[in-house]
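Below is one structure; the comments refer to it alone.
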Amino acid sequence: MAHDAARDSKDEQLDAVRAVDDDQSLTTQQGVRVDHTDDALTVGERGPTLMEDFHFREKITHFDHERIPERVVHARGAGAYGEFKPYDSWLADYTTAGFLTDPGRTTPVFVRFSTVAGSRGSADTVRDVRGFAVKFYTREGNYDLVGNNFPVFFIQDGVKFPDFVHAVKPEPRNEIPQAASAHDTLWDFVSLQPETLHAIMWLMSDRALPRSYRMMQGFGVHTFRLVDSGGRGTFVKFHWKPKLGTHSLIWDEVQKVAGADPDFNRRDLWDAIEAGDYPEWELGVQLVPESDEFAFDFDLLDATKIIPEEQVPVRPVGKLTLNRNPDNFFAETEQIAFHTANVVPGIDFTNDPLLQARNFSYLDTQLIRLGGPNFAQLPVNRPVAEVHNDQRDGYGQHRVHTSETSYNKNSISGDRPRPGGEGAYTHYAEKVEGAKIRRRSESFKDFYSQPALFWNSMTDVEAEHIVAAYRFELGKVTRHDIRVRVVEQLRHIDLDLARRVAAGIGVPAPTETDRPNHGQRSPALSQITDRVRDVATRKIAILAADGVDGAGLARLVEDLRGRGAVPEVVGLTDGTIRAGAGDDVQADRALPTMASVLYDAVAVPCGPDSAEALGRDGRALHFVAEAYKHAKAVAAFGAGLKVLRAARVGTAYAEGTDPVVDQGVVTTTAHGAELPTAFLDSFADQIADHRCWTRRTDDVAA
Ligand code: HDE
């Protein structure tokens with residue numbers, strides 16, 4: 001079938017260039033077999049190394065040149081291959097892009113997720129925006145949708161990008177802090193550049209702490225343009241909605257995860273794909289006819305604004321599935337080169353000044369990162385569409401061009417390659433005229449209404465997290481005047497927000513505002529109001545020691561697996577855990593190498609000896625107590641309840657086999673193979689809830 005052919009051709013291309021390492025003799029780069037690589041060639045056993053040891057010199061020289069510059073922003077990332085398929089053809093009324101409109105087509109993709117501020121080795125779980133960059137290898141050429149997990153950006157004009165990035169990056173004097181926005185220069189910039197306030201509000205929200213790349217939304221951010229077969233344009237915003245819903249970690253947790261597993265998000269993506277739990281997102285679009293360009297109280301060209309979903313619904317287009325991990329991180333995830341100007345017929349730009357700047361920057365940055373103009377020939381960047389042009393030579397040229405000509409027009413090669421023809425990209429014929437000026441449009445100048453919309457749309461717990469985040473970040477700012485200026489800005493968004501933040505950072509609380517909150521809400525902005533409830537792929541720790549109720553544990557594990565969750569038995573050590581009743585159990589993990597922050601929920605099974613041993617172990621008690629503190633689902637059955645009591649977790653426990661659910665803590669006195677279905681259902685229900693926010697403590701809010 002035609003769509004399989006497109007996919008196969010990408011896979012075949014990759015196969016052809018994939019290095020075959022297995023069962024081969026070691027050779028030099030020239031193909032000469034090497035007899036020995038443990039010792040350099042020396043004069044005698046203790047003598048000097050010889051210049052003529054070409055193997056030694058080649059090996060070391062290559063090693064010395066292994067690094068390429070990391071991305072200036074988005075340096076830390078994780079990627080995967082997959083495919084995109086439209087559900088049906090309705091979008092054909094608006095665009096000629098076949099990969100979005102032909103349900104018979106499966107288009108191969110590579111997606112790279114990333115953090116923005118940190119360097120390549122920084123921790124995954126920091127407070128930051130996440131990159132969500134998708135390369136579609138379409139038959140008409142590569143299309144890159146280089147988006148983020150926030151729908152708005154920090155600045156309106158690309159000329160401010162170096163200023164913004166310099167402000168958020170580690171400070172120039174001492175390169176502190178790494179991968180963190182909580183420092184003077186960022187907040188100095190924010191206080192003086194109010195267009196940042198909307199994206200900053202997102203940054204202070206739970207959106208900046210995704211539980212998983214698989215559980216975050218993606219946005220194209222800019223208003224782009226779809227173009228139909230008649231040349232008619234329609235404004236479009238792109239959205240990715242994760243099948244598993246949008247879920248976050250909490251602040252106390254992310255800081256601990258950064259130590260316990262700095263690769264938390266990268267590992268999560270890798271493990272899910274290896275396990276066959278292929279992450280999925282739905283692509284949706286908001287469409288605005290060109291006649292409605294000025295129908296909004298903000299400018300569609302302003303990338304610091306959203307179109308509220310309640311105003312223009314997100315209409316589903318198709319499904320993205322990630323189903324294959326890369327074979328080599330450097331070759332694929334590091335060398336992939338995205339570019340906002342990689343478009344295909346049917347998709348075009350608008351005059352959003354941020355997008356226009358990006359259309360310059362991404363090509364420019366690849367030249368320095370990938371060392372020359374031939375990076376599109378790297379396997380991960382190669383289109384599945386055929387490439388013919390007269391571009392020649394340059395560093396890293398892999399093609400052996402055989403044509404006698406490299407110019408157009410020519411008579412010698414039959415005027416090939418020749419421009420035009422069916423399917424050629426034609427730019428949308430937008431009419432523009434005006435004077436050359438350096439001036440921000442007046443229509444870009446409302447900096448406060450949309451941050452207020454976001455703030456108004458939060459549930460109480462989300463709002464508390466935002467206040468706590470501002471307090472933390474500004475609490476790290478050493479200059480008092482910067483704190484004061486930020487509170488002054490917040491006052492224009494919402495007086496209550498400004499007062500609550502001020503109270504935590506030693507700044508006098510403002511008493512009035514000249515800009516009252518408009519009171520509007522967009523419920524779609526909350527992660528809690530309208531959330532997807534699902535236990536699929538959630539990780540559950542089951543704490544066990546010798547004497548555990550093997551039959552009850554087996555029933556719990558089987559039940560969770562049946563629901564698509566990922567239970568792991570965490571023992572006091574690795575190895576076999578002897579069961580008091582039922583079968584012995586193999587520990588999947590050992591307590592000293594794991595932490596509750598790496599799991600979504602915790603269960604403590606029956607078995608008096610097991611419970612006794614866990615109840616005496618400080619690490620086990622901390623494990624349960626911390627999960628409780630982080631508002632996660634906790635379950636125990638039979639003697640396992642003792643461990644909850646010892647850890648001071650929960651207050652109302654079951655007194656019989658009927659399960660009791662109290663503040664996300666699920667208990668029953670039953671055990672063994674008779675573990676009631678109602679208990680298992682209740683536990684799954686609590687996990688699906690993501691967190692039990694009614695059990696909040698001040699610590700959690702912070
Ligand atoms: Fe980027 N951005 N950006 N950016 N961006 C880069 O390109 C830039 C912006 C985004 O996984 C760089 O290859 C400018 C918005 C992602 O490889 C660089 C401006 C959005 C990625 C660059 C922006 C993004 C990048 C660094 C303001 C969300 C990672 C390395 C005009 C819609 C892609 C590279 C990957 C990467 C420039 C603003 C998202 C320097 C000048 C807005 C996801 O070219």
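The values are calculated or read from the model by the stated rules, or taken from the named source; none is laboratory data. All values reported here derive from a predicted model rather than from experimental measurement. Every residue, glycine as well, gets a Cβ built from its backbone with ideal geometry; the counts of neighbours run over all protein chains shown. All accessible areas refer to the heavy atoms of the entire protein, side chains included, with ligands and DNA or RNA removed. Shrake-Rupley method; radii C 1.70, N 1.55, O 1.52, S 1.80 Å.
What pairs from K10/K241; K305/K476; K85/K243; K476/K632 go past 18 Å between their alpha carbons? Walk me through the intermediate numbers first.
Numbers: K10/K241 26 Å; K305/K476 28 Å; K85/K243 15 Å; K476/K632 29 Å.
Too far apart for the 18 Å limit: K10/K241; K305/K476; K476/K632.
Does segment 633-702 come out rounded, prolate or oblate by the C-alpha gyration tensor, with a ≥ b ≥ c the root eigenvalues, rounded set by a/c under 1.5 and, if not, prolate when a/b is larger than b/c and oblate if not?
On the way: a/c = 2.61, a/b = 1.53, b/c = 1.71.
Oblate, because a/c is 1.5 or more while a/b does not exceed b/c.
Tell me the mean residue ellipticity at 222 nm calculated for the chain from its helices only (DSSP H runs of n ≥ 4, each -39500 (n - 2.57), averaged over every residue, nearest 500).
Calculated from helices alone, the mean residue ellipticity at 222 nm is -8500 deg cm²/dmol.
Arrange the peptides 36-49, 407-420 so that the one whose residues have, on average, the most other Cβ atoms within 10 Å appears first.
The peptides rank, most packed first, as 407-420, 36-49.
Assuming a ≥ b ≥ c are the square roots of the Cα gyration tensor eigenvalues, decide whether the chain counts as rounded (a/c under 1.5), prolate (otherwise, with a/b larger than b/c) or oblate.
Cα axes put the chain in the oblate bin.
Please get the size of the charge dipole for the chain, origin at its Cα centre, with Cβ charges of +1 on Lys and Arg and -1 on Asp and Glu, quoted in debye to the nearest 20.
In total the dipole reaches around 1460 debye.
Sort 353-365, 54-66 for me by packing, meaning the mean count of neighbouring Cβ atoms within 10 Å per residue, highest on top.
353-365, 54-66
Setting aside same-chain residues fewer than 8 positions from K436, which aspartates and glutamates have a Cα under 18 Å from its Cα?
Answer for K436, where 18 Å is the Cα cut-off: D157, D352, listed by chain and number.
Please figure out what share of the DSSP beta bridges in the chain is antiparallel and state it in percent, rounded to the nearest 5. Write out the running numbers ahead of the final one.
On the way: 61 of 82 bridges.
Counting only bridges with both partners in the chain, antiparallel ones make up about 75 percent.
Averaged per residue, what accessible area in Å² does segment 539-688 show with a 1.4 Å probe, protein chains only?
38
So how do K319, K243 rank on accessible area, 1.4 Å probe, biggest first, that is with the largest at the start?
Result, largest first: K243, K319.
Please arrange W693, W240 by accessible surface area, largest first, computed with a 1.4 Å probe and ligands excluded.
W693, W240
I'd like to compare 264-272, 428-436: which one has the highest average count of other Cβ atoms within 10 Å, and what's the full order after that?
264-272, 428-436
Find which of A603, A613, A670 sits farthest along the positive direction of the dipole of segment 585-702, computed with +1 on the beta-carbon of Lys and Arg, -1 on that of Asp and Glu, about the Cα centre.
Value: A613.
Counting DSSP beta bridges in segment 571-702, what percent are antiparallel, to the nearest 5? Could you put the intermediate results ahead of the total?
Values: 5 of 14 bridges.
Once the DSSP bridges in segment 571-702 are tallied, antiparallel ones form about 35 percent.
Classify segment 538-646 as rounded, prolate or oblate from the Cα gyration tensor: take a ≥ b ≥ c as the square roots of its eigenvalues, call it rounded if a/c is under 1.5, otherwise prolate when a/b beats b/c and oblate if not.
rounded
Taking all protein chains in place and a 1.4 Å probe, what share, in percent, of the accessible surface of the chain do carbon and sulfur account for?
C and S fraction of accessible area: 50 percent.
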